[in-house]
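Quick notes on the structure that follows.
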Amino acid sequence: MAECLARPQAPWALRLLPPFPAIASRILAVIGREDVDIHQLGDLVRLDPSFSAELLRFANSPLFGLHREVTSLAHAIALVGTDRVKTMATLVAVNRMVRASVRVGALRKVWIHSLVTAIVADEAARGTDVAGENAYTAGLLHNLGTLGLMASYPDESSRMLEVSDDYGFDLLETERDLFEIDHCAAGAYIAQDWDFPDELAAAIAVHHDDPVEGESSLDNIVKLSWRVADVLGYAAFSPERRHEWNELIGALPPGRPSWLRESPEAAKRELADRLAATPL
């Protein structure tokens, strides 16, 4: 589902959302060019050393599974390529946005769920015609609307999640009652406002729709991956319905054998190792 989405007027619930960090936008723009200007990249790094240091901490964490120490953005590009570094920069930018609010337990669960969904989506895309970097980014940002709402209204978001869990309320309806927008629509709006690709905004918009068995598309991998994260114990909210491991893994598009397709125990071990030393 990569059709161009019409950009709506800013919802009132997102007017307090901090803008996408300017340094991240500049880094993504420079890295996105065919011929990356390493000198220009170095100049950007010097403009915001803390952002660059944070990016390197994530790059060297088990979250990305690199086997060599990354010492600079230029080194990261040489090791893993520009697409992976763009993903890293996006992760750092969103982590900054939610850093204060994730001290609240209910909201921290949302961020960890997003990270797990990213890892699962990346693995699920291997051997398919969906680029792993696109799957990772879409998995990471599928709950961008929730992250945006909780960054804007952390107390209200936390209470809403707790009440929804306690009483089994429909999450999307509860969000619309409180914020006049649900997190799917809010996430698509933020993605467009931050000039992310339309394909990504579309995947965010429909991630609560039912997945299609065997379909090899970005939005379908995201639909399956967040449900897999739930089954493995990383649910952000009470699920609409209980899913079974075999049901979800059997619905994935055909791909390479991996820890994800092996067993839930293998997947839990891999995810626990990746998250253990991640600088959240």
**OP:** Find, among the GluC sites (Glu not before Pro) in segment 160-215, those assigned to loop by DSSP (not H, G, I, E, B) with at most 16 other beta-carbon atoms within 10 angstrom.
**Re:** E180, E213, E215
Subject >> Loop GluC sites (Glu not before Pro), segment 228-263 (other Cβ atoms within 10 Å of the site Cβ: 14 or fewer; DSSP) >> reply: E240, E244
Original post:
Which trypsin sites (Lys or Arg not before Pro) does segment 139-241 hold that lie in a coil by DSSP with at most 14 other beta carbons within 10 Å?
Top reply: R241
Subject >> Pair E162, R57: separation of 7 Å Cα→Cβ label points (nm) >> reply: 2.8
**OP:** Starting from the Cα of S263, step 7 Å along the direction of its Cβ; do the same at H208; then give the gap between the two resulting points in nm.
**Re:** 3.6
Subject >> Modelled FRET efficiency - R0 45 Å, S50 with N246, Cβ distances, 0.05 increments >> reply: 0.50
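No value in this document is a laboratory result; all are computed from the given coordinates. Note that the structure is a prediction, hence the values are computed from the model and not measured. So basically every Cβ, Gly included, is an ideal-geometry build from the backbone, and we count neighbours across all protein chains shown.
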